[in-house]
Every structure is written in structure tokens, then in C-alpha cells.
1. Out of all the residues in the stretch 109-127, which are at pLDDT 95 or above and of a type in the set (A, V, I, L, M)?
2. Please find, among ALA108, ALA116, the residue that is surrounded by 14 or more Cβ atoms within 10 Å (Cβ to Cβ) and touching a helix residue (DSSP H, G or I) at 6+ places or on another chain (Cβ under 6 Å).
3. Go over the candidates SER155, SER78, SER106 one by one and state the one that is under 18 Å from GLY30 (Cα atoms) and at pLDDT below 90.
4. Please verify whether the stretch 11-32 includes one or more residues that are surrounded by 14 or more Cβ atoms within 10 Å (Cβ to Cβ), out of contact with any helix residue (DSSP H, G or I) (no Cβ under 7 Å at 6 or more places or on another chain), at pLDDT 90 or above and in a helix (DSSP H, G or I).
5. When you look at CYS89, is it of a type outside the set (S, T, N, Q) and closer than 22 Å to ARG125 by Cα, yes or no?
6. LEU67 is checked against (1) under 13 Å from VAL33 (Cα atoms); (2) surrounded by fewer than 19 Cβ atoms within 10 Å (Cβ to Cβ); (3) in contact (Cβ under 8 Å) with a residue 24 or more places away in the chain and fails just one. What number does that condition carry?
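The values are calculated or read from the model by the stated rules, or taken from the named source; none is laboratory data. As the structure is a prediction and not an experimental result, all values here were calculated from the model. Cβ placement follows ideal geometry from the backbone for every residue including glycine, while neighbour counts extend to all protein chains displayed.
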Amino acid sequence: MDEALEGLARFDAVWGRVSGGDGAAAPGLGELVEQAERQRERLCALARRRAGWRAKLLAMASELAALIRRLRAEHFLSTGGDCRPGEACAVVKEPLAALREAYLGSSALADRLQEAANAAPCELRPCLDALAAGERRRARELRGMILRALGVNYS
């Protein structure tokens with residue numbers, strides 16, 4: 001009888017991973033990977049258009065690549081599945097407008113990371129809190145770049 005119950009318990013865990021309903025997984029890690037990848041692509045496209053911003057934007061894109069790797073690792077640890085972001089190509093027509101989009105995207109990603117941290121299991125919460133704080137810092141840097149581009153003296 002105990003063997004049958006243990007077998008059922010293992011089946012429930014496997015079925016949860018397969019169906020995406022594993023309660024141990026933090027909500028939305030796969031979606032966060034996608035959102036972060038879109039933000040990384042936006043920064044890379046913008047860096048190609050503005051030489052003066054290139055180094056800073058590419059550094060931010062590199063930080064986002066590290067964030068994506070961490071989210072993918074945590075997703076794997078939680079679910080046993082890999083989540084790879086889909087292919088896309090960001091296009092920049094007007095650099096200042098694209099910088100604003102990047103700022104808004106970074107702010108939204110920080111908010112989503114914080115929401116995920118607040119709903120995550122205890123062992124995942126510190127990681128997501130740190131990732132959200134890093135993304136808020138990037139949003140502040142992008143905001144500062146916009147203000148400087150508009151000739152605003154800020155502190």
C-alpha cells in the first residue's frame with residue numbers, strides 16, 4: 001500500500017512539471033525570460049543606432065543576458081524544463097523614442113520581477129528581489145540618459 005502511495009506522489013510531481021502546474025515553480029519565470037529578452041534586444045538595437053550611448057547600452061544588455069541566464073536556471077531548478085526565449089528583432093526608428101520605450105520596458109520588467117519575488121517560494125525570493133533591484137537601477141540609468149539627451153540638469 002505504501003509503495004502505491006509513493007508511486008502516486010511521484011506521478012503527481014512529474015505531471016505537475018509536464019503540465020506546467022508544479023506548485024514549486026515561481027509564477028511566470030518563462031514569461032519573465034521572454035520579457036527580459038525583448039528588453040535586451042531593444043537595448044542592442046538602440047546601441048547600434050547611437051554611438052554616444054553604445055557602451056552604456058551594451059553593458060546594460062550584457063547585464064540583462066546574465067539576468068536571463070539566472071531566470072532560466074531558476075526555472076530549470078523549479079520545473080525541470082528549459083525555457084528559451086523566442087527569436088525576435090527590435091527595430092529602432094527614432095532613438096529618443098526607443099530610449100523611452102527601453103525605460104518603460106525596464107520599469108515594467110522590474111515590477112514583474114518584484115511581483116514574482118513576492119509570490120515565490122522562500123528559497124527563490126532573495127534571487128528575484130536582487131534581480132528586481134538591478135532592473136530598477138537600469139531603469140533609473142535609462143531615465144537619466146533621457147534627461148541628459150533632453151538637456152535637463154538633474155540630480
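1. Once the filter is applied, which keeps residues that are at pLDDT 95 or above and of a type in the set (A, V, I, L, M), the stretch 109-127 yields LEU109, ALA110, LEU113.
2. Working: ALA108 fails: touching a helix residue (DSSP H, G or I) at 6+ places or on another chain (Cβ under 6 Å).
Just a single option satisfies the conditions, and that option is ALA116.
3. Details: SER155 fails: under 18 Å from GLY30 (Cα atoms); SER106 fails: at pLDDT below 90.
Being under 18 Å from GLY30 (Cα atoms) and at pLDDT below 90 holds for just one of SER155, SER78, SER106, which is SER78.
4. no
5. Working: of a type outside the set (S, T, N, Q): yes; closer than 22 Å to ARG125 by Cα: no.
Against the criterion (of a type outside the set (S, T, N, Q) and closer than 22 Å to ARG125 by Cα), CYS89 does not qualify.
6. (2)
Here's the yes/no breakdown for (1) farther than 14 Å from ARG40 by Cα; (2) hydrophobic (A, V, I, L, M, F, W, C); (3) loosely packed, with under 13 Cβ neighbours inside 10 Å; (4) modelled with pLDDT under 90:
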residue	(1), (2), (3), (4)
ALA61	no, yes, no, no
ARG72	yes, no, no, no
ASP82	yes, no, yes, yes
VAL92	no, yes, no, yes
LEU99	no, yes, no, no
